[in-house]
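Asks: Structure provided below as structure tokens; questions to follow.
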Amino acid sequence: MNTTASPVLLTTADGVATLTLNRPDRLNAQNTELFETALGHLERLAADDSVRVVVLTGQGRAFCAGGDISTMGQASDKSEASLGSPARLSDKAVEAITDLDETIAVIRRAIFALTRSDGLAGSGFRGELDRLIDRHRAVGRDHVRLEITGDVDALPPSHQAQLSPVLNELLSNVERHANAESAVVHIEVGPTHLALTVSDDGEGIDLRAPRGYGLRNLAIRAQLLDGSIEHSPGPDGSDATVVWAVPLDPRLP
């Protein structure tokens, strides 16, 4: 295999396409050329009905080390010519992430429906949320409580696709960083808004701190739906609440 041909290699066989990040000397860290090449491949694969599966992997000893700091803020002439600006490249990335989220949500609900074996397990998006909570309880977080006001199954697919990963990220943060003993998740579906509130008796997350990929993703997922995310510490500075809120179009059924 020629490891210098392209920052992203593409092979297809028997309906399976394999994309290989190909900057092993930089641990496959993302730069503009890699990002643009990968998006180009994905757009072509999305239009190819013969491709049923896409596998994403990395050349060498690492899958991807994240963003290449040495090239951040720089855009190649090719990027400027083909996409207009680095901002346009970012817009295309967000669009691709949104489409992927919605596809994953549909697949996940189908799998849950197919694997439900006892008549007690919930179905639909509410069932998916119940299972997400159960997965966090299974790793020793029995104190996580879920409260829902309104009909989450009536949420549009765009909102369901964002709500599930946001909840997962917030609960993962509670487990990893908050030093909490318990957490309460409240989801409110109102006529004109969707609000996800996660409260814990630990340190919560500080949205003012330098943001890693997790916090940036929470903010991006809110912005995609014209929403916001806020953090409030408790009166004694220990208990913490995070509210992720987005508007709903009251004209939707």
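Asks: Has the stretch 85-94 got any residue that is under 30 Å from Arg131 (Cα atoms) and modelled with pLDDT under 85? Can you show your working first?
Replies: Here is the first cut: in the stretch 85-94, the ones under 30 Å from Arg131 (Cα atoms) are 93-94.
Checking which are modelled with pLDDT under 85 leaves us with 93-94.
Yes.
Asks: Would you please name the residue that is modelled with the lowest pLDDT, looking only at residues in the stretch 137-185 that are among the acidic types (Asp, Glu), over 16 Å from Pro247 (Cα atoms) and outside any helix (DSSP H, G or I)?
Replies: Filtering the stretch 137-185 for residues that are among the acidic types (Asp, Glu), over 16 Å from Pro247 (Cα atoms) and outside any helix (DSSP H, G or I), the one modelled with the lowest pLDDT comes out as Asp142.
Asks: Using the structure shown, decide if Ala62 is more than 20 Å from the chain's Cα centre (by Cα), under 28 Å from Arg135 (Cα atoms) and modelled with pLDDT of 80 or more. If you could, list the steps in order and put the result at the bottom.
Replies: Working: more than 20 Å from the chain's Cα centre (by Cα): yes; under 28 Å from Arg135 (Cα atoms): yes; modelled with pLDDT of 80 or more: yes.
For Ala62, the condition - more than 20 Å from the chain's Cα centre (by Cα), under 28 Å from Arg135 (Cα atoms) and modelled with pLDDT of 80 or more - is met.
Asks: If you don't mind, another one. So the check is Cβ under 7 Å with 6+ separation or different chains; which pairs have a first residue in the stretch 142-156 that's surrounded by 11 or more Cβ atoms within 10 Å (Cβ to Cβ) and a second one that's polar (S, T, N, Q) and in a loop (DSSP other than H, G, I, E, B)?
Replies: Every condition considered, the pairs that remain are His143/Ser182.
Asks: Please determine whether any residue of the stretch 190-199 is at pLDDT 85 or above, touching a Leu at 6+ places or on another chain (Cβ under 6 Å), farther than 19 Å from Leu132 by Cα and not basic (Lys, Arg).
Replies: yes
Asks: Of all the residues that make up the stretch 38-66, how many are polar (S, T, N, Q), surrounded by 11 or more Cβ atoms within 10 Å (Cβ to Cβ) and assigned to a loop (DSSP other than H, G, I, E, B)?
Replies: To start, the set of residues in the stretch 38-66 that are polar (S, T, N, Q) comprises 50, 57, 59.
Keeping just the survivors that are surrounded by 11 or more Cβ atoms within 10 Å (Cβ to Cβ) gives 57, 59.
If we keep only those that are assigned to a loop (DSSP other than H, G, I, E, B) as well, we get 59.
Going through the stretch 38-66 one residue at a time, the tally reaches 1.
Asks: Can you name the residue in the stretch 12-37 that is assigned to a strand (DSSP E or B) and without any contact (Cβ under 8 Å) to a residue 40 or more places away in the chain and is also farthest from the chain's Cα centre (by Cα) among such residues? So that I can check it myself, show each step before the final result.
Replies: Here is the first cut: in the stretch 12-37, the ones assigned to a strand (DSSP E or B) are 12-13, 16-21, 30.
Adding the requirement that they be without any contact (Cβ under 8 Å) to a residue 40 or more places away in the chain leaves 12-13, 16-20, 30.
Values: Thr12: 27, Ala13: 29, Val16: 24, Ala17: 22, Thr18: 22, Leu19: 20, Thr20: 21, Gln30: 18 Å.
Selected residue: Ala13.
Asks: Here is a further query. When you look at Leu215, is it surrounded by 19 or more Cβ atoms within 10 Å (Cβ to Cβ) and either modelled with pLDDT under 90 or not hydroxyl-bearing (Ser, Thr, Tyr) (or both), yes or no?
Replies: Numbers: surrounded by 19 or more Cβ atoms within 10 Å (Cβ to Cβ): no; either modelled with pLDDT under 90 or not hydroxyl-bearing (Ser, Thr, Tyr) (or both): yes.
No: the conditions fail for Leu215.
The values are calculated or read from the model by the stated rules, or taken from the named source; none is laboratory data. None of these values were measured; they are calculated from a predicted model. Here the Cβ is made from the backbone with ideal geometry for all residues, glycine too, and neighbour counts use every protein chain on show.
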